[in-house]
Structure formats: C-alpha cells, structure tokens
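Q: If you scroll down you'll find the structure; I have some questions about it.
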Ligand SMILES: Nc1ncnc2c1ncn2[C@@H]1O[C@H](COP(=O)(O)OP(=O)(O)O)[C@@H](O)[C@H]1O
Ligand SMILES: [Mg+2]
C-alpha cells in the first residue's frame, strides 16, 4: 500500500475529504486517525458522516469514548484521547465494532494495539500554521476519492 500526501487548507476542505471517503466506504472499513490535538480529526469525521448519509451532527463530547450514528452504514466514532490505557474489556467491545458491518473512525488510533491496524485505512494528521497535512494509506478507492475531493 502506498501513502498519499494531501495538503488540506481549510476545515471545509477537511470535511470534503471525509465526505468523499465516506461516500465510497464499505461495511467493515476502519479509519485510524492519528495526530495531535487540533489537527482536524473530528472535522474529518464530520465529513465522513455526511458521506455515509448521517444526518445528525457529529461532535466530540467529553467523557464519551464511542458515539454511534445511523447512516447508509452505521458510523462508530471512537475517541481514545481521554484514555491512558485501553483495558482488555474495552478493547473487546471496540473490536466488535471495528470488525463488524459498520464503519469505524478512531481518533488517537496510535493508542490501539497493532492487531487492529492491519487492513485499516490510516490517516496521519499534522498541523501546520494555517493548514493541515494528511498522509493517507489505504485502498486505491480511498486514494482516488481523496485526490478527486481536493
Ligand atoms: N484543514 C484545516 N485547516 C485549518 N483548520 C482546520 C483544518 N481542519 C480542521 N481545522 C480546525 O482545527 C480545529 C481543530 O479541529 P478538530 O477537528 O477538533 O481537531 P482534532 O479532532 O484533531 O483535535 C477546528 O477549529 C477546525 O475547524
Ligand atoms: Mg477530536
């Protein structure tokens, strides 16, 4: 799998990127989102939800690890920011969704164990003063959709 480097110049462009990937997402797709606070991960998931046909707004509520949204496919939005470590029981619950029929997007995915990374689409977000850089590695349908979206 190759890596595509994208320059995303606004929150709107970040949502467009997410939307484009959501539109071509299939059951079982996993998006692992890595990168620091403020890098645009939640903004990306807002677009992903739109692309999946979710009509309710996506936020990032405090003290919630996973939020579910109904769309063409169910979106599981996971945010591991508040966790120092992932207990085995929680990992088991997460894996039910990660390897289920919906689409999962995980913020702070670098905190997941390596067995979850295999076969997933990886997006690495980096902050630049006015923009964001996103490295995408995943299937060709995602690379194509991302290139067309920006
Ligand atoms: N490509 C972008 N360029 C500039 N600002 C962006 C971009 N993407 C997101 N932002 C802004 O950065 C801030 C943090 O975004 P957020 O998605 O909450 O980051 P994270 O979930 O990674 O902490 C928000 O104000 C958002 O509008
Ligand atoms: Mg966030």
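Q: Kindly indicate whether residue 101 is modelled with pLDDT of 95 or more, over 13 Å from the mean Cα position of the chain (by Cα), surrounded by fewer than 20 Cβ atoms within 10 Å (Cβ to Cβ) and within 21 Å of residue 4 (Cα to Cα).
A: Numbers: modelled with pLDDT of 95 or more: yes; over 13 Å from the mean Cα position of the chain (by Cα): yes; surrounded by fewer than 20 Cβ atoms within 10 Å (Cβ to Cβ): yes; within 21 Å of residue 4 (Cα to Cα): no.
No; evaluated as a whole, the condition is false for this residue.
Q: For segment 104-150, how many residues meet the condition of being touching a helix residue (DSSP H, G or I) at 6+ places or on another chain (Cβ under 7 Å), more than 18 Å from residue 5 (Cβ to Cβ) and within 16 Å of ligand 1 (Cβ to nearest atom)?
A: Of the residues in that region, 3 qualify.
Q: While we're looking at this one, here's another question. So the check is Cβ under 8 Å with 6+ separation or different chains; which pairs have a first residue in segment 73-90 that's on the phi > 0 side of the Ramachandran plot and a second one that's more than 16 Å from ligand 2 (Cβ to nearest atom) and not in a loop (DSSP other than H, G, I, E, B)?
A: none
Q: Counting residues that are away from ligand 2 (no atom under 16 Å from the Cβ) and within 21 Å of residue 141 (Cβ to Cβ), which strands (runs of 3 or more DSSP E) fully inside segment 1-113 reach at least 2? Steps first, please.
A: Numbers: elements: 4-8, 30-34, 66-69, 75-79, 103-107.
Per the criteria, 4-8.
Q: Also, I was wondering about something else. Of (1) farther than 23 Å from residue 116 by Cα; (2) free of Cβ contacts under 8 Å to residues at least 60 places away in the same chain; (3) surrounded by fewer than 19 Cβ atoms within 10 Å (Cβ to Cβ), residue 51 satisfies all except one. Which?
A: Every listed condition holds for residue 51 apart from (3).
The values are calculated or read from the model by the stated rules, or taken from the named source; none is laboratory data. Given the structure is predicted, the values throughout are model-derived calculations rather than measurements. Glycine also receives a Cβ, built like all others from the backbone with ideal geometry; neighbour counts cover every protein chain displayed.
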